[in-house]
Amino acid sequence: MRLYTTITGPLGELLVTGKRTAAARGGVALVSVAFPGQARAFGVRPEWRRDDDAFTEVRRRFREYFAGERTGFGLDLAAGGTAFQQRVWAALEAIPYGETTTYGTLTGRVGEPRDRVRAVAAAVGANPLLIVRPCHRVVGADGALTGYAGGIERKRHLLDHEAAQQTLPV
């Protein structure tokens, strides 16, 4: 059964979903983190159950992240995705806190040729775990802030929060 809660933070309310698993640290394995009204947004489904207590650890880690006390989340993740998406998402998770990379560089990191940059960008855009899986750290080839489901202003806020040093590719 999918569980959910909401977390209020500096970027507004987050809808967080997860499911209990035997191995999950902190109560649940995360399935999604989303902003209401974001691109490809979803709402709470009738079969989901609100369980704020199950997300106590998740809530604490978000609070620490936004307070500048945490650079990663270290939570169990249960988001699906294709094998290709999983490869791209693993590369997202490897982008260090406070740094950015380009879609082209990310394409190379997952072993894809340059002509697959749009497919990689689509996989980044399909990331169901905003903030936790840091798709906000991927920028355009010229350093422009592009393509964030939560909106460019939220992306800018997250990068500023992380004090990201955006460098242009050589």
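The values are calculated or read from the model by the stated rules, or taken from the named source; none is laboratory data. Bear in mind that the values here come from a model prediction, so they are computed numbers and not experimental data. No Cβ is skipped: glycine too gets one built from the backbone with ideal geometry, and neighbour counts run over all protein chains shown. Surface accessibility is based on the protein's heavy atoms, side chains included, excluding ligands, DNA and RNA. Shrake-Rupley method; radii C 1.70, N 1.55, O 1.52, S 1.80 Å.
Cβ separations smaller than 8 Å between residues 6+ apart or across chains give the following pairs from the stretch 137-160 residues that are free of Cβ contacts under 8 Å to residues at least 12 places away in the same chain and farther than 18 Å from PRO96 by Cβ to residues that are open to solvent by less than 20 Å² (accessible area, probe 1.4 Å) and of a type outside the set (D, E, K, R): THR146/VAL139; THR146/GLY140.
Within the stretch 90-102, identify whether any single residue is surrounded by fewer than 17 Cβ atoms within 10 Å (Cβ to Cβ) and outside the structural domain of ILE152 (by the TED database), and answer yes or no. Among the residues of the stretch 90-102, not one is surrounded by fewer than 17 Cβ atoms within 10 Å (Cβ to Cβ) and outside the structural domain of ILE152 (by the TED database), which makes the answer no.
Quick one: which helices (runs of 4 or more DSSP H) lie wholly within the stretch 52-170 and hold at least 2 residues that are over 28 Å from THR6 (Cβ atoms) and of a type in the set (Ser, Thr, Tyr)? First the steps, then the outcome.
Details: elements: 56-66, 83-93, 103-109, 117-125, 152-161.
Counting at least 2 such residues, we get 103-109.
Among all positions in the stretch 131-147, there is at least one residue which is outside the structural domain of VAL58 (by the TED database), open to solvent by 40 Å² or more (accessible area, probe 1.4 Å) and either touching a Ser or Thr at 6+ places or on another chain (Cβ under 6 Å) or at pLDDT 95 or above (or both). Only a single criterion out of (1) closer than 22 Å to GLY72 by Cβ; (2) surrounded by 15 or more Cβ atoms within 10 Å (Cβ to Cβ); (3) without any contact (Cβ under 8 Å) to a residue 24 or more places away in the chain is not satisfied by GLY108, namely (1).
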